[in-house]
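> Starting off with a structure, shown below.
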Amino acid sequence: MLKVATLASGSSGNCSVVSDGRTHILIDAGISAKRIISGLRQLGIEPEKVSAVLITHEHSDHISALPVLTKYIKGDIYTTEPTARQICYRVAGIEDRFRVFDPGDRFLAGGLVAEGFATSHDCACPVGYTLTDGRRKLALCTDTGVVTQEILQAVRGADTLIGEFNYDVDMLRSGPYPAYLKQRILGDRGHLSNEMGGELALFAVEQGARRVIMGHLSKENNLPAVAMAAARRALEGKGVRIGRDMELLAAPRSEATDWMEV
């Protein structure tokens with residue numbers, strides 16, 4: 001059975017765990033190594049049993065644990081070549097741990113088939129990921145300013161989507177961020193708003209998803225209830241019965257979840 005848990009999801013740090021019971025995969029490592037190891041053990045996984053770490057991009061809220069975590073986890077680190085290069089500028093001694101790929105490539109990560117698909121973010125070469133055991137498929141799509149055809153193609157057929165609901169437009173525009181940062185977040189290489197996340201969630205459900213996990217909510221520019229309301233408008237406006245046709249939930253920013261079946 002393919003299952004997923006989030007250890008953290010938000011602008012302060014991101015890390016998810018995917019497992020089929022034999023292969024254990026981390027997606028991103030943007031919280032402390034101590035928290036990741038503790039979260040893994042709470043899920044019944046010792047760190048040395050992690051098969052691979054998949055990195056979406058090089059921003060600190062996705063890689064901050066790597067200098068310490070790589071001392072405990074022996075699996076390979078997968079990411080794009082430009083992202084690996086940027087990480088190696090910051091983290092010494094892990095060059096040999098990387099296995100690089102091009103966006104759109106499929107590869108084996110332990111016993112699971114992974115694909116890294118291009119996203120649009122202000123970094124070297126960002127990607128989202130799909131993971132499948134041949135029966136169930138998970139898609140993770142965060143840190144993108146637009147929903148592209150590549151993203152739609154990757155999300156199609158996913159049973160579970162972890163999708164970005166980063167900000168509420170009104171909260172962002174009226175909030176304390178400086179103007180340049182607001183424009184960065186709103187731009188095509190920024191993040192998805194609640195409304196854009198709702199559109200992606202609707203597409204995923206129309207293509208077969210039965211669970212949508214709202215991820216990467218901003219602490220300053222969003223609230224779980226606000227994101228949930230936007231997602232409900234998008235889904236229920238097209239006749240989707242939340243709780244019957246599919247499950248909708250928000251990934252906690254700072255707390256770990258229990259396992260969820262993909």
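The values are calculated or read from the model by the stated rules, or taken from the named source; none is laboratory data. What you are looking at is a predicted structure, and each value in this text was computed from that prediction instead of being measured. Cβ coordinates were reconstructed from backbone atoms using ideal geometry, including for glycine residues, and neighbour counts include every protein chain displayed. Side chains included, ligands, DNA and RNA excluded: accessible areas come from the protein's heavy atoms. Shrake-Rupley method; radii C 1.70, N 1.55, O 1.52, S 1.80 Å.
> Answer yes or no: is there a residue in the stretch 188-204 that is within 18 Å of Ala225 (Cα to Cα), free of Cβ contacts under 8 Å to residues at least 24 places away in the same chain and out of contact with any Ser or Thr (no Cβ under 9 Å at 6 or more places or on another chain).
No, the stretch 188-204 contains no residue that is within 18 Å of Ala225 (Cα to Cα), free of Cβ contacts under 8 Å to residues at least 24 places away in the same chain and out of contact with any Ser or Thr (no Cβ under 9 Å at 6 or more places or on another chain).
> List every residue pair whose Cβ atoms sit under 6 Å apart, with the two residues 6 or more apart in sequence or on different chains, where the first one lies in the stretch 28-49 and is under 18 Å from Ala109 (Cβ atoms) and the second, anywhere, is hydroxyl-bearing (Ser, Thr, Tyr) and open to solvent by 10 Å² or more (accessible area, probe 1.4 Å).
From residues that are under 18 Å from Ala109 (Cβ atoms), the pairs are Pro47/Tyr72.
> Also, I was wondering about something else. Restricting attention to the stretch 208-230, report how many residues are farther than 12 Å from Tyr167 by Cα and buried (at least 21 other Cβ atoms within 10 Å of the Cβ).
Total meeting the criteria: 3.
> Check off (1) over 19 Å from Gly13 (Cα atoms); (2) in contact (Cβ under 8 Å) with a residue 40 or more places away in the chain for Tyr89 and give me the number that stays unchecked.
Evaluating Tyr89 over (1) over 19 Å from Gly13 (Cα atoms); (2) in contact (Cβ under 8 Å) with a residue 40 or more places away in the chain leaves (2) as the failure.
> Any idea how many residues of the stretch 89-122 are open to solvent by 60 Å² or more (accessible area, probe 1.4 Å) and aromatic (Phe, Trp, Tyr)?
1
> For Ala204, which of the numbered conditions (1) open to solvent by 10 Å² or more (accessible area, probe 1.4 Å); (2) in a helix (DSSP H, G or I) fails to hold?
For Ala204, the failing item is (1).
> In the stretch 1-73, which helices (runs of 4 or more DSSP H) lie fully inside it and hold 2 or more residues that are open to solvent by 10 Å² or more (accessible area, probe 1.4 Å), under 17 Å from His216 (Cβ atoms) and among the aliphatic types (A, V, I, L, M)?
Correct list: empty, since no element meets the threshold.
> Any residue at all in the stretch 231-251 that's assigned to a helix (DSSP H, G or I) and open to solvent by less than 10 Å² (accessible area, probe 1.4 Å)?
Within the stretch 231-251 (the criterion being assigned to a helix (DSSP H, G or I) and open to solvent by less than 10 Å² (accessible area, probe 1.4 Å)), the answer is yes, since at least one residue qualifies.
> Name the pairs whose Cβ atoms lie under 6 Å apart, with the first residue in the stretch 241-262 and free of Cβ contacts under 8 Å to residues at least 24 places away in the same chain, the second assigned to a strand (DSSP E or B), and 6 or more positions between them or separate chains?
What qualifies is Ile242/Leu248.
> Evaluate the stretch 137-150: report whether one residue or more is over 15 Å from the mean Cα position of the chain (by Cα), modelled with pLDDT of 95 or more and at positive phi.
Looking through the stretch 137-150, none of the residues is over 15 Å from the mean Cα position of the chain (by Cα), modelled with pLDDT of 95 or more and at positive phi.
> Which condition from (1) in contact (Cβ under 8 Å) with a residue 24 or more places away in the chain; (2) closer than 19 Å to His59 by Cβ is the one that Gly104 breaks?
(2)
> A further question follows. Name every residue in the stretch 86-111 that is outside any loop (DSSP other than H, G, I, E, B) and touching a strand residue (DSSP E or B) at 6+ places or on another chain (Cβ under 9 Å), in order of residue number.
Within the stretch 86-111, Ile87, Cys88, Arg97, Phe98, Arg99, Val100, Phe101, Arg106, Phe107, Leu108, Ala109 meet the criteria.
> I'm trying to understand the selection: among the residues of the stretch 153-177, which are open to solvent by 60 Å² or more (accessible area, probe 1.4 Å) and either closer than 16 Å to Leu248 by Cα or assigned to a loop (DSSP other than H, G, I, E, B) (or both)?
Across the stretch 153-177, the qualifying residues are Arg156, Pro176.
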